[in-house]
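S.K.: Handing you this structure, nothing more for now.
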Amino acid sequence: MNIILFGPPGSGKGTQSTLLVKTLGMRQVSTGDLFREAIKNKTSVGLRAKQYMDLGNLVPDSIVLEMVEENLKGAPSNFILDGFPRNLEQANSLDLLLKKIGIGIDKVIFLEVDKKDLIKRLVGRRVCSQCGSVYHVVTKPCSIDKVCDSCGGAVIQRADDSEEVVLSRLDVYEQYTSPLRGYYKSLGKYNEVNGNRNPTDVFEDIKKLM
Ligand code: AP5
């Protein structure tokens, strides 16, 4: 099954994708993770993307689309699109790309979470700089401060998780990404899951849709 997992920043897309990968062997295609990897490797895409990401703005569509196409061509089935598409132009381009490759999206799953909780989740989030494991200072702390439980790597705060940038990401989401709900409803692919619960309960509902 091919799905789009979508929702505001901090709604748990990465957390739920990790569970889908582990449990159902799906492949996660996260544009945010791909950009962060490119930044770490100091590639030209990474350098171009960083200036937009640091401010909480969307990276220009041309850069995003090239990267997604490259990624989907390799293994075009049983994937989760996480963080893409993020505006109507990207959704239209995705439709064209999938047509070209000869595959489709089976379901779009929207994670709905209250705004005040999104802010708490993002500002308190910490991530492993080595393996990408996700923590939270209150709800999911590392056993040893700033040391990853999984790989021993340094656990840090993402540059775009400061309160100021989080608020700007939420505004960008409302303006550009939220209208995709209507788009996918009109295609009859839209499903909504209440993401205001603990990750296990959210995952149980997602599994029922698979
Ligand atoms: P991206 O990395 O995609 O960030 P995002 O969409 O803002 O989403 P996040 O990764 O911040 O949150 P998430 O929903 O994955 O939540 P998580 O599971 O980590 O994008 C970053 C930037 O890259 C963008 O701002 C943009 O600049 C650029 N970009 C990316 N894609 C692009 C595109 N297509 N076009 C243009 N630009 C693009 O959880 C968050 C926290 O909450 C964690 O601490 C976690 O432990 C906790 N948590 C998770 N689930 C729960 C739960 N159920 N209950 C309590 N806590 C929970």
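Quick note: the coordinates plus some simple rules give every number you see, no bench work behind them. Model, not experiment: these values are computed from the prediction. Because the Cβ atoms are built from the backbone with ideal geometry, glycine has one as well, and the counts that use them run over all protein chains shown.
S.K.: Ranking 86, 27 by Cβ neighbours within 10 Å, fewest first, what do you get? Each step should come with its number before you reach the end.
M.R.: Numbers: 86 20, 27 17.
The most exposed by this proxy come first: 27, 86.
S.K.: Under the rule of -39500 (n - 2.57) per DSSP H run of 4 or more residues, summed and divided by the residues of the chain, what mean residue ellipticity at 222 nm is obtained, to the nearest 500 deg cm²/dmol?
M.R.: After summing the helix terms and dividing by the residues of the chain, the value is -14000 deg cm²/dmol.
S.K.: Same structure, new question: Magnitude of the Cβ-charge dipole of region 51-177, K/R +1 and D/E -1, about the Cα centre, nearest 20 debye?
M.R.: 360
S.K.: Could you give the alpha-carbon Rg of region 1-147 over 2.2 N^0.38 Å, rounded to two decimals?
M.R.: Working: Rg = 15.7 Å, N = 147, 2.2 N^0.38 = 14.7 Å.
Computed over Cα atoms of region 1-147, the ratio equals 1.07.
S.K.: Lys and Arg at +1, Asp and Glu at -1: add these up for the other residues within a Cβ distance under 12 Å of residue 164 and post the number. Write down the numbers at each step before the final one.
M.R.: Numbers: positive: 169; negative: 54, 160, 161, 163, 171.
That works out to -4.
S.K.: Can you run phi through the Karplus equation (6.51, -1.76, 1.60; θ = phi - 60°) for region 171-176 and list ³J(HN,Hα) in whole Hz, with x for Gly and Pro?
M.R.: After applying 6.51 cos²θ - 1.76 cosθ + 1.60, I find 5, 4, 4, 4, 6, 9 Hz.
S.K.: Another question, then. Give me the Debye-computed log₁₀ of I(q)/I(0) at q = 0.13, 0.32 Å⁻¹ for region 116-164, equal point scatterers on Cα only, no solvent, two decimals.
M.R.: -0.26, -1.20
S.K.: Using C-alpha positions alone, give me the convex hull volume of region 72-174 per residue in cubic angstrom. Present the calculation step by step, with values, prior to reporting the outcome.
M.R.: On the way: hull volume 14.2 nm³, N = 103.
Each residue corresponds to 138 Å³ of Cα convex hull volume.
S.K.: Moving on. Where Lys and Arg each count +1 and Asp and Glu each count -1, what net charge lies around residue 181 among other residues with Cβ under 12 Å from its Cβ? All intermediate terms of the calculation are to be shown ahead of the outcome.
M.R.: Values: positive: 185, 189; negative: 112, 174, 192.
Net local charge, residue 181 excluded: -1.
S.K.: In region 123-210, what is the volume of the convex hull around the alpha carbon atoms, normalised per residue and reported in Å³?
M.R.: Numbers: hull volume 11.8 nm³, N = 88.
Dividing the Cα hull volume of region 123-210 by its residue count gives 134 Å³.
S.K.: On to the next question. Show the residues, 5+ positions off or on another chain, whose built amide H is closer than 5 Å to the amide H of residue 110.
M.R.: 6, 191, 192, 193
S.K.: Please list 3J(HN,Hα) in residue order for region 77-91, calculated via the Karplus relation 6.51 cos²θ - 1.76 cosθ + 1.60 where θ = phi - 60°; whole Hz, with x for glycine and proline.
M.R.: 8, 6, 10, 10, 8, 10, x, 8, x, 10, 7, 5, 4, 5, 5
S.K.: Return the percentage of antiparallel bridges among DSSP beta bridges fully within the chain, rounded to the nearest 5 %.
M.R.: On the way: 8 of 24 bridges.
Bridges in the chain that DSSP calls antiparallel: roughly 35 percent.
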